[in-house]
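Read through the structure below, which is laid out as structure tokens, and then see the notes.
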Amino acid sequence: MNEQAINKDLKIVSFKGGVHPQKDGKILSKKASIQTAPLLERYQVIVSQNIGAPPKVVVSAGDEVKKGQLLAEAAGFVSVPLHSPTSGKVEGLVDIPGPMGVMTQAISILADGKDEWTELSVSIDWRNSDADTLKKRIMECGIVGMGGAAFPSHVKLSPPPDKKVDYMIINGAECEPYLTADHRVMLEEPEKVLEGAAILGRAAGVKNVVVAVEINKVDAINAMMEKAAQFNVGIVGMKVQYPQGAEKQLIYAVTRRKVPTGALPADVGCIVQNAGTAAAVAEAVNAGIPLIERVTTITGEPVVNPGNWRLRLGTPISEALKLCGGVKCEPGKLILGGPMMGFAQRSTGVSVMKNTSGILLLDKSDVTQYESSPCIRCGRCLEACPMNLQPSALSQLAEAGQYENALKYNVMDCIECGACAFACPAHRPLVQHIRRLKAEIRNRTKKEIKK
Amino acid sequence: MTSTIILSVLALSILGIILGLAIGLISKLFGVATDPKVDLVLELLPGANCGGCGKAGCADFARALVSGEASPGQCPVSSQEVMAQIAQVLGMALEAPDKKIAVVLCGGDIQQTKVKTLYNGVNDCISAMLVAGGPKSCAYGCLGMASCARACPFNAIEIINGLAVVHNELCVGCGVCVKTCPRNLIKLVPAEAKVHIYCSSPEKAALKMKVCNVPCIACRKCVKSGEEGQFTINGFRVEVNYDNYPGEDIVSKAGCPKNCLLTAAQHFEIERNEEAGEVVA
């Protein structure tokens, strides 16, 4: 496949700051088409897969379930239900290693091999239905932001009534190095993404729907541009720069609106949804299919055959790695998500969740531990910071434990993208220091509220 | 030649005398009156500026003492004799202070508590807490990243085997370390209380035993062999009641099966020995 040329009509935008790793690792998997993983014997579906209230489990050990059947129901507004990835028997609740390093509850399902669907909800003619029907379906199908945060999509689509939303941005930036899952989805299923985008636009009552993609995915941009008109969706190109796909940076790049401190995208009239989420929304609305599988990039130098796989929720990472032929050499780190903002894991017993955009193994040489040295005041972190903060100053305040002063430097605005630490020639753990400041400030506020 | 030298020496001396007189005069005229007691007291205070008294350093405390807002007993660092001297300067009676020291209530060093993962982030307890709750399996134990040791103005805390241990002879009970521990393991206790239960985990015994060799399993042997009111049972662990603490003999009387009821000296020795490679059963 030759690199395609960028369409001349494409508008290319960006934010200020950021970094771009020379070696972004996308080459490993960007040409691998999406493959569907074979059925496994056992799935361990983690119960708490969304931000907000974890859903309430409604099955018990011994129950027979069908594929797509409800396993746990939403517990509150900021919560979504969870569905079975295949048909089989519920073995019960087990504790498995969670993505955050602590044990977490999962529903263990022994597959019966038949993979029978449960009775699905009927298709909705989205062009002629009202917003509430669409939102309800999106909620019932358990759809969350699949880019990483796993924020329930229907909540984003329901901004407070006093806030007028006029922009729906579909995030196809995929600015994290190594990850190519959204890229492949946009390239192979452009209609699904565009239709999902249009549905999301209708559900939020928004006319301006754009899909924003970094211009290192020219093939995906071209594939979508061919079909964008029929769904009345715009395509915007973005400069290849991390963190282009961060919500606030994306909004600024596309609309030139700045989200104020402490405000939400809806405050500047925007809603951002991930490209993978859009595809899932299209399936949910057109076919009633709940979110039980997702496209995940399994990649990294130690992986024998890096690729993009359609994995069911509850697939253990160890099984997912087997699909790619295992590892060539002993990896230095296992990360769920991308290398910049993903979470390092200590066990391959973690299972795939709704927000697992990537399973990344890093080579030992890439995870070298640097000795950090004092700040040399070069200012590279200030140039890199997409939020216009002063990471160098914040880091020193963290070391000195000056939390009140850090608040004056707007430490809570940090999006923890890690661009500062990436840029720092003294290898200072800048973002780590800021994370510590934020955690400590949050603790203190909590204590004060308790008082 | 000689006249030049004499002349310049004279000129400079006269200049010096005139300026000296001027400075003296001005300092007398515009001087701010301070209580001479403040300087006397400041001289006697340790000058560590630890903040243990609650004031911004020793000078601030000295002012508070002289103005009567504070009492000498509030300085956790000064010895009895020094306090008596300060009281003498101030012309007041010395109240008997109860000296306190810090104790880290955890016995889970790297040999006793299982390490669940390799942590290679920032060497600091709060940072380690942010990454999956730190490298040790026990979610309540000492992280061993020395945040308290670095904060201690008297170098009284040492990390031995990945566990913070207080040097009793150096600790003055200023309490600076207490705030730094994200796991709230450090307590200020009466210096006379020698016996502690080195476990702070509220987990059930079975869970604790999975991750640690020296947890308090609330078997209550110590409670039964001690007098009433010397221990309090708090969920799945026993705590020493520091208002009515037991004597050192309780350790041999109780025979703690998990070796978490220890005197501070025993605890220290065990850690030292383990560090040297002699694992004590």
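The values are calculated or read from the model by the stated rules, or taken from the named source; none is laboratory data. Note that the coordinates shown come from a computational prediction; the quantities given were computed from them, not determined experimentally. We place every Cβ from the backbone using ideal geometry, glycine too, and count neighbours over all the protein chains shown.
When every residue of the stretch B:136-146 is checked against the conditions, none turns out to be at pLDDT 90 or above, buried (at least 24 other Cβ atoms within 10 Å of the Cβ) and among the aromatic types (Phe, Trp, Tyr).
Go through the stretch B:146-173 and give me each residue that's charged (D, E, K, R) and assigned to a loop (DSSP other than H, G, I, E, B).
Of everything in the stretch B:146-173, just one residue is charged (D, E, K, R) and assigned to a loop (DSSP other than H, G, I, E, B), namely B:GLU169.
Given the residues A:GLY300, A:GLY269, which is the only one that is of a type outside the set (Ser, Thr, Tyr) and crowded, with 22+ Cβ neighbours inside 10 Å?
After applying the criteria, what remains is A:GLY300.
Could we say that A:VAL78 is touching a helix residue (DSSP H, G or I) at 6+ places or on another chain (Cβ under 7 Å), surrounded by fewer than 22 Cβ atoms within 10 Å (Cβ to Cβ) and not assigned by TED's automatic domain parsing to the domain that holds A:ILE221 here? Yes; evaluated as a whole, the condition is true for this residue.
Conditions (1) exposed (fewer than 15 other Cβ atoms within 10 Å of the Cβ); (2) in a loop (DSSP other than H, G, I, E, B); (3) out of contact with any strand residue (DSSP E or B) (no Cβ under 9 Å at 6 or more places or on another chain), marked per residue:
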{"residue": "A:LYS23", "(1), (2), (3)": "yes, yes, yes"}
{"residue": "A:ALA32", "(1), (2), (3)": "no, yes, no"}
{"residue": "A:ALA53", "(1), (2), (3)": "no, yes, yes"}
{"residue": "A:VAL59", "(1), (2), (3)": "no, yes, no"}
{"residue": "A:GLY62", "(1), (2), (3)": "yes, yes, no"}
{"residue": "A:ALA72", "(1), (2), (3)": "no, no, no"}
{"residue": "A:VAL94", "(1), (2), (3)": "yes, no, no"}
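Hey, among the residues in the stretch A:350-372 that are among the polar types (S, T, N, Q) and within 13 Å of chain B (Cβ to nearest Cβ), which one's nearest to A:GLY25 (Cα to Cα)? Within the stretch A:350-372, the match that is nearest to A:GLY25 (Cα to Cα) is A:THR368. Under the condition of being surrounded by fewer than 17 Cβ atoms within 10 Å (Cβ to Cβ) and within 18 Å of B:THR113 (Cβ to Cβ), the residues counted in the stretch B:239-274 number 3.
Against the conditions (1) in contact (Cβ under 8 Å) with a residue 60 or more places away in the chain; (2) surrounded by fewer than 24 Cβ atoms within 10 Å (Cβ to Cβ); (3) more than 11 Å from every other protein chain (Cβ to nearest Cβ), A:ALA419 satisfies every one except (2).
For the stretch B:107-143, the set of residues classified as under 24 Å from A:LEU430 (Cβ atoms), touching a helix residue (DSSP H, G or I) at 6+ places or on another chain (Cβ under 8 Å), more than 8 Å from chain A (Cβ to nearest Cβ) and in a loop (DSSP other than H, G, I, E, B) consists of B:TYR119, B:GLY134, B:PRO135, B:LEU143, listed by residue number. Look at (1) among the polar types (S, T, N, Q); (2) at pLDDT 90 or above; (3) closer than 30 Å to A:GLY325 by Cβ and you find that A:ASN405 fails only one, number (3).
Would the stretch A:377-394 turn up any residue that is more than 19 Å from A:GLY262 (Cβ to Cβ), surrounded by 14 or more Cβ atoms within 10 Å (Cβ to Cβ) and within 13 Å of chain B (Cβ to nearest Cβ)? Taking every residue of the stretch A:377-394 in turn, none turns out to be more than 19 Å from A:GLY262 (Cβ to Cβ), surrounded by 14 or more Cβ atoms within 10 Å (Cβ to Cβ) and within 13 Å of chain B (Cβ to nearest Cβ). B:CYS53 meets each of the listed conditions (1) in a helix (DSSP H, G or I); (2) surrounded by 18 or more Cβ atoms within 10 Å (Cβ to Cβ); (3) not small (Gly, Ala, Ser) apart from (1). The residue list A:THR368, A:THR348 contains one member that is surrounded by fewer than 22 Cβ atoms within 10 Å (Cβ to Cβ) and without any contact (Cβ under 8 Å) to a residue 12 or more places away in the chain, which is A:THR368. Considering only residues that are surrounded by fewer than 16 Cβ atoms within 10 Å (Cβ to Cβ) and within 11 Å of another protein chain (Cβ to nearest Cβ), which ones fall in the stretch A:422-441? Correct list: A:ALA439 only. Among the residues of the stretch B:148-166, those that are surrounded by fewer than 22 Cβ atoms within 10 Å (Cβ to Cβ) and either within 14 Å of chain A (Cβ to nearest Cβ) or of a type in the set (Lys, Arg) (or both) comprise B:ARG150, B:ALA151, B:PRO153.
Is it the case that the stretch A:204-219 has a residue that's within 16 Å of the chain's Cα centre (by Cα), buried (at least 22 other Cβ atoms within 10 Å of the Cβ), at positive phi and not β-branched (Val, Ile, Thr)? No.
Could you run through the stretch B:177-188 and say how many residues are among the aliphatic types (A, V, I, L, M) and surrounded by fewer than 19 Cβ atoms within 10 Å (Cβ to Cβ)? First the steps, then the outcome.
Taking the stretch B:177-188 and keeping what is among the aliphatic types (A, V, I, L, M), we get B:178, B:185-186, B:188.
Retained after the next criterion (residues that are surrounded by fewer than 19 Cβ atoms within 10 Å (Cβ to Cβ)): B:178, B:188.
Total satisfying the criteria: 2.
Of the candidates A:ASN308, A:ASN274, the single residue that is assigned by TED's automatic domain parsing to the domain that holds A:ILE169 and polar (S, T, N, Q) is A:ASN274.
Which of the residues that make up the stretch A:125-137 are more than 26 Å from the chain's Cα centre (by Cα) and surrounded by 14 or more Cβ atoms within 10 Å (Cβ to Cβ)? Once the filter is applied, which keeps residues that are more than 26 Å from the chain's Cα centre (by Cα) and surrounded by 14 or more Cβ atoms within 10 Å (Cβ to Cβ), the stretch A:125-137 yields only A:SER129. Would you point out the residue of the stretch A:133-148, among those that are in a loop (DSSP other than H, G, I, E, B) and touching a helix residue (DSSP H, G or I) at 6+ places or on another chain (Cβ under 8 Å), that is farthest from A:LEU70 (Cα to Cα)? Only one residue tops the list, namely A:GLY147.
Whether any residue in the stretch A:259-270 is in contact with a Ser or Thr (Cβ under 7 Å, 6 or more places away or on another chain), closer than 30 Å to A:LYS16 by Cβ and in a helix (DSSP H, G or I) is what I want to check. Checking the stretch A:259-270: not a single residue is in contact with a Ser or Thr (Cβ under 7 Å, 6 or more places away or on another chain), closer than 30 Å to A:LYS16 by Cβ and in a helix (DSSP H, G or I). In this structure, B:VAL82 does not satisfy being buried (at least 18 other Cβ atoms within 10 Å of the Cβ) and of a type in the set (Val, Ile, Thr).
Do we have any residue at all in the stretch A:103-120 that's among the aliphatic types (A, V, I, L, M) and within 14 Å of chain B (Cβ to nearest Cβ)?
Checking the stretch A:103-120: at least one residue is among the aliphatic types (A, V, I, L, M) and within 14 Å of chain B (Cβ to nearest Cβ).
In the stretch B:221-228, the count of residues that are in a loop (DSSP other than H, G, I, E, B), surrounded by 20 or more Cβ atoms within 10 Å (Cβ to Cβ) and at pLDDT 90 or above is zero. Among the conditions (1) in a loop (DSSP other than H, G, I, E, B); (2) more than 14 Å from chain B (Cβ to nearest Cβ); (3) within 21 Å of the chain's Cα centre (by Cα), A:PRO99 misses just one, which is (2).
Among the residues of the stretch A:304-349 satisfying the criterion of being within 14 Å of chain B (Cβ to nearest Cβ) and of a type in the set (A, V, I, L, M, F, W, C), which is nearest to A:ASP363 (Cα to Cα)? In this case the residue turns out to be A:LEU334.
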